[in-house]
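Accompanying notes for the structure given below.
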Amino acid sequence: MRKTTSRKTTPRSAPRRIAPSLPVPGEGKRGEDGHLAYLLRQAQAAARLSLDRALASTGLTHPQFVVLTMLKAYPGLSGADCARVALLTPQTVNVIIANLERDGAIQRTPHPIHGRVLQWNLTRHGLALLAKARLKATALERRLAGGLDGRDLAIIRRWLAQVATELHGT
């Protein structure tokens, strides 16, 4: 005779727990009742996704766009400095730089004093590519600023910069 073990089973008729419907952005804790840090993250994620979609037609990724933007603003950055201002890891920037250089968007020059340090600058092709991508980003920024006047935008920009300054390094 075979020994059987009893197994606990859930009857098929037992009710399943269904999660409550999740709020969409702008509702509940995803809205004005939400925690400030979460709301910043939610807004950043939405803006990033929108920019990724807009940049797709340019052939650039969002991180590549950021690197080109920072190299235009601060010509001659090293890869490490570029990573710092672009808020990317050095490893990510190394891959981005290699791809942008291969595509002819940037070029390297040795640092005039520190021979082992490479400085990166945009080429004509890089400037044209960035200009094309900037049009897409500007359209998104217009959407972000929709309904805000210049004074409100200045307050928001000042606040965001202050948040970054206050929390830098913590």
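The values are calculated or read from the model by the stated rules, or taken from the named source; none is laboratory data. For clarity, every value in this text was computed on a predicted model and none was experimentally measured. Ideal geometry is used to build each Cβ from the backbone, glycine not excepted, and the neighbour counts take in all protein chains shown. These area figures cover heavy atoms from the full protein model, side chains too; ligands, DNA and RNA do not enter into them. Shrake-Rupley method; radii C 1.70, N 1.55, O 1.52, S 1.80 Å.
Observations on the structure shown:
- For region 119-137, the set of residues classified as without any contact (Cβ under 8 Å) to a residue 40 or more places away in the chain, over 19 Å from CYS82 (Cβ atoms) and either of a type in the set (A, V, I, L, M, F, W, C) or surrounded by 10 or more Cβ atoms within 10 Å (Cβ to Cβ) (or both) consists of ALA128, ALA131, LEU135, listed by residue number.
- Candidates HIS111, HIS35 - the one that is of a type outside the set (Lys, Arg) and under 23 Å from TRP159 (Cβ atoms): HIS35
- Scanning region 13-21 turns up no residue that is modelled with pLDDT under 95, open to solvent by less than 100 Å² (accessible area, probe 1.4 Å) and in contact with a Pro (Cβ under 6 Å, 6 or more places away or on another chain).
- With respect to being closer than 28 Å to ARG41 by Cβ and under 17 Å from the mean Cα position of the chain (by Cα), LEU71 fits the description.
- Of ARG84, ARG116, all but one fail to be over 25 Å from ALA145 (Cβ atoms), without any contact (Cβ under 8 Å) to a residue 24 or more places away in the chain and loosely packed, with under 12 Cβ neighbours inside 10 Å; the exception is ARG116.
- Qualifying residue in region 99-110 (condition: open to solvent by less than 80 Å² (accessible area, probe 1.4 Å), in a helix (DSSP H, G or I) and of a type in the set (A, V, I, L, M, F, W, C)): yes
- Hey, LYS72 open to solvent by 80 Å² or more (accessible area, probe 1.4 Å) and at pLDDT 95 or above or not: yes
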